[in-house]
Every structure is written in C-alpha cells, then in structure tokens.
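Data block below; observations after.
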Amino acid sequence: MTTDPLRIALISEHASPLAGVGSVDAGGQNVYVDHVARELARRGHRVDVMTRRDDPAQPPVTALAPGVRVLHLAAGPARFVPKEQLLPFMPAFVESAQRLAGRGGYDLLHANFFMSGWVGMALRERWRVPLVTTFHALGRVRQEHQREADRFPPERLDIEQALVDRSDRVLSACPQDEQDLQRLYGAHPSRLVTVPCGVDTEALTPGPRREARARLALPQDEFIVLQLGRLVPRKGIDNVVRALALLQTQAGARASRLVVVGGESDTPDEGATPEIGRLRSLACALGVGDRVQFTGRRSRSALVDWYRAADVFVTTPWYEPFGITPLEAMACAVPVIGSAVGGVQWTVVEGRTGFLVPPQDPAALAIRLAQLRADPQLAEALGRAGVDRVRSRFTWSQVAWELEGVYRSVLAERASASKTWRERGRAPLRSIQPTALPSGTATGVAAAAAAGVGA
Ligand code: UDP
C-alpha cells in the first residue's frame, strides 16, 4: 500500500469548521470536520473542506490550517438556511464545486451527512474517485424517535439508502450505528467500518475545580451538574431538570445546581433559544427555578473551565449517533452519567468512567447523582479512569490514523480492480451514474431548486 500524501475533499454541506458551535444546526459534525481535516493535514495530506457559503462576507477559499482549505460554495442564499431546507440547493453545490475545483485532482471524497453524500455521488461520477460516507445521523433512526418532529424531505431516506448501497465505505461512529445501518438499511458488513469521533485532549485536560469555579463565578460549596451541548428536545435536558428536582428533596445533602451550556446566542435568550424557555418553565413548575442556570453558548476555547468546574457531567439523550460531549467531560477528569443509547453506551463504561441510565427516567438518574454527591472519592476515581479511556482510544490523531487506513484500503481496491479489468482488455468498472439515484430524487431536487423552494 502506498504512503504518498493524499488529496482529500471533505464535503460538509451545512457544518463548517469555521462556524460557532452549540446552536441547533452547529454541533458535533462541525467539530468532527474541523479536527479530522487538521489531523489529516498533520499526517501530510492536503484537505479541502467543501461547505455551503452562508454569509456574503465569506471568501471562496479560506486557509484553515497548514494543508487545509475551506471552500465556501455558492448554493442557495448566502445566509443561514435551516438544514432541513438545504437539499434543493445541492445541485448548485455540485456545480460550484466543479467551478472552484475544476477537474478535482482529489484522490478521494469523504462526505458527511446525507446531503453531502448526494453531492459526493455526483462528484465522484465526474471525477472518477472513490467515495467514503459518514452519516453523523440517520433518517430512519430519527424517525423511530421523533416522527412528527422530523422536517427533512422524504427523499432523505432514499438518498441514505443509495449511499449505503454505493459508497466505497460507510463509516459508522459506534457499534450501535453499525447495527442501525445493517438493521434499517441492509448495509453489507464488508463495506462498514467503525471509526469513532474524537476529543481534543490538548485543549481539554484535567485542572483544579476551585480555580475554574472562581473564574466562572460559580459557588465553591455546591454540587454542580453540567449539561453542555445543542439545546434540542432530543437531548433530554428536561429529564435532567426532573432528576435535579428529585435530588433537591433529599434532606441534609449539599445544595445542587444544574448548569446548562449551549444555545443560539452567547447569553441565555429565550427568544433566540425557545428550548431555554421550555426548560425554565419546567424548572419553575418543579420548584427548582433558582437551581438551574443557563449560560448560553460558549466558544470551544472557553469550554475547559465549564467542564473542570463540574462535579458530574450528564447527558441523557433519547438517542445519540455518537456524542462528543461525554468524551470532552472525560478528558477533563469529570465522571459522566449518560443514557444507555448510541455512542454514549460505548464511550462511557458503566461503573468505571461513570454510569449508564435509561433515557427519560429521572428517578434512575437522580439515584446515580445522589450516589456521586455522597461519595466524592468515587466521583474522582471515575473521572480519572475517563481520562485514561479517552487518551487511549478517542484522540483525534487516532481517528485520523484510522481514517487514513480506510482511505488507503479503498484506493488499493480501486487500483486492483482497474488492473484486473485492464488485464482482461476491458474498460474498468464504472461507478454509479448520477441518474441512478433513486427515481424521483434527482428530478425532485432539481425541480425544487428551480422553483426556489427553501430560499
Ligand atoms: N459545543 C460548544 N459550545 C456550546 C455547546 C456545545 O462548543 O455552547 C460543542 C460541544 O463541546 C461538542 C459539540 O458542540 O463538541 C456537540 O457535539 P455532540 O457530538 O456532543 O452533539 P451533536 O451536536 O453531534 O448532537
């Protein structure tokens, strides 16, 4: 297998590595693309991140780090558009990529999310290169959990199916994701590889809690429960508020406080982030309005203090394709209580780095919170084990090393397939035609774009 540097296009239509993170449409995928691009470049590769231009001030090409460029592709209006409305602009995204990148020159395309996958299928046809897909979230899984709330167009499922059937590799983020891809899409195990997300173990390290609390003006004597992430209902933050209310009923224990970091703005604004209003009303109704503190969104450079300040990190989503935040807490030596779903049940080791509880079960969560509040030594031991776990398994450099292995094996397969066909004196196997997308998808997308849907 060759070790030559690769030219890689990371397609991430709605999630730019340059975006502020923590709002509804900017979270784990932005963080993933940012770190993966940088780490691949550190390994000597050249990476272009292709993302949609959503601000007129963005130049077509921006340098992100040595060896990494962000290409801002014109596709739809140059302003924020909710990701549920972006599919009609994908044909324009493909044309823009072609205009900016010309004949490509890439060795491989790595698409992130189903719309980038659609783009990837079209571009690989033009550029004759392999396609690797990471979904980050799956429509059928989402449907199982939030049927009414899913506002993505119905074509999503067909596109995902086409990607599962036709990508050179599909990357699952965790064992549960791998099972879902097989159970719901019939993915063939030979083309599935699990490569997790990582955590920034240089920026997120353990440190004195007392000093972090002093810097954040948080009380030194309270038991602080941290919830950090995008504020969307599926993250189950109401479950944490309910558990806190149960915890408060225990007489004689240390006062507890729930700190909620995330939202659409840097201040906790209910107008910008309706979920804050909903959670506040719930906390007030349960008599813990003064025990729940919302901070608004925080930049990634500020996160380390919020993690270090916490006695425990809690994340109890209904489902979770991966979940980077538990790893971030573990990197800072904070024990994690997570729901036993998706990636969380893989990254958090029950009884060793934290505890797993059923989702939407505030009583079970309250029992574990009370246990850690009563036993700081146990909490400390779980936190220490968390640091070991992330450093040995979930660093971004390890993730990039695994990705490179996948890319190289796909390229080796392609090379040997064309050699075989050449030896037989026939044209090499062609990859899929753009028109081979599920019937109605391509035309539906094009027609919607022509009609300006979602503009
Ligand atoms: N995040 C942030 N600031 C905030 C809230 C969240 O930087 O105010 C980051 C958080 O640190 C994590 C990402 O957003 O890196 C959320 O990723 P995760 O995988 O946990 O959830 P997803 O967004 O994929 O649902």
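So which GluC sites (Glu not before Pro) in region 257-332 end up in coil per DSSP with only 16 or fewer other C-beta atoms within 10 Å?
Counting only loop positions with at most 16 other Cβ atoms within 10 Å, the GluC sites (Glu not before Pro) in region 257-332 are E270.
Express the Stokes-Einstein translational diffusion coefficient of the chain in µm² s⁻¹, to the nearest whole number, given a Kirkwood radius over alpha-carbon pairs, 20 °C and a viscosity of 1.002 mPa s.
Using the Kirkwood radius from Cα pairs, D works out to 93 µm²/s.
Along Cα→Cβ, 7 Å out, is where each label goes; now give me the distance between the ones at E402 and T194 in nm to one decimal.
If labels sit at E402 and T194, their model points lie 0.8 nm apart.
Could you calculate the FRET efficiency of S301 with A255 from 1/(1 + (r/R0)^6), where r is the beta carbon distance between them and R0 is 35 Å, rounded to 0.05?
0.70
Could you order the peptides 38-44, 295-301, 109-115 from most to least packed, using the average number of other C-beta atoms within 10 Å per residue?
Ranked from most to least packed, the peptides come out as 109-115, 38-44, 295-301.
Skipping prolines and chain starts, which residues have an amide H placed within reach, meaning under 5 Å, of the one on S172, given they are 5 or more residues away or on another chain?
V193, T194, V195
Taking Cα centroids, how far is region 343-394 from region 197-226 in Å?
16 Å
Distances over 24 Å make up what percent of all Cα-Cα pairs in region 310-407?
Of all Cα-Cα distances in region 310-407, 21 percent exceed 24 Å.
Pairs of Cα atoms under 8 Å, at least six residues apart: use those to get the relative contact order of the chain, whole percent.
Across the chain, relative contact order equals 17 percent.
Show me the trypsin sites (Lys or Arg not before Pro) within region 104-154 that DSSP assigns to loop and that have at most 14 other Cβ atoms within 10 Å of their Cβ.
R128, R147, R151
Please report the spacing between the Cα centers of region 249-324 and region 78-114 in Å, no decimals.
So the separation of the two Cα centres works out to 35 Å.
Between R183 and D165, with labels modelled 7 Å along Cα→Cβ, what's the label distance in nm to one decimal, could you check?
It is 2.3 nm.
What number comes out for the charge environment of S96, summing +1 per Lys or Arg and -1 per Asp or Glu over other residues with Cβ under 14 Å away?
So the environment of S96 carries a net charge of 0.
Mean residue ellipticity at 222 nm from the helices of the chain, using -39,500 (n - 2.57) per DSSP H segment of n ≥ 4 over the full residue count, to the nearest 500 deg cm²/dmol?
-13000 deg cm²/dmol
How far apart, in nm, are two points set 7 Å out from the Cα along the Cα-to-Cβ line at I367 and at L216?
Once both label points are built, they end up 2.8 nm from each other.
Once amide H atoms are built 1.01 Å from N in the peptide plane, which residues 5 or more positions from A75, or in another chain, come under 5 Å H to H?
Amide H to amide H, under 5 Å and 5 or more residues apart or across chains, A75 pairs with R53.
For M50, enumerate residues with amide H under 5 Å from its amide H, sequence gap 5+ or separate chain, H modeled in the peptide plane.
Hits under the 5 Å cutoff: L10, I11, S12, L71.
Among 180-187, 57-64, 203-210, 131-138, how do they line up from the highest to the lowest mean number of other beta-carbon atoms within 10 Å?
My ranking of the peptides, most packed first, is 131-138, 180-187, 203-210, 57-64.
Net charge around H110, counting only other residues with Cβ within less than 12 Å of its Cβ (Lys, Arg = +1; Asp, Glu = -1)?
Local net charge: -1.
Based on DSSP H assignment, which helices of the chain show an axial Cα extent of at least 30 Å together with a mean Kyte-Doolittle hydropathy greater than or equal to -1.0?
Going by DSSP H runs, the hits are 396-423.
Read-outs: derived from the displayed coordinates by stated rules, not from any lab. Just so it is clear, the structure is predicted and the values come from calculations on it, not from any experiment. Glycine also receives a Cβ, built like all others from the backbone with ideal geometry; neighbour counts cover every protein chain displayed.
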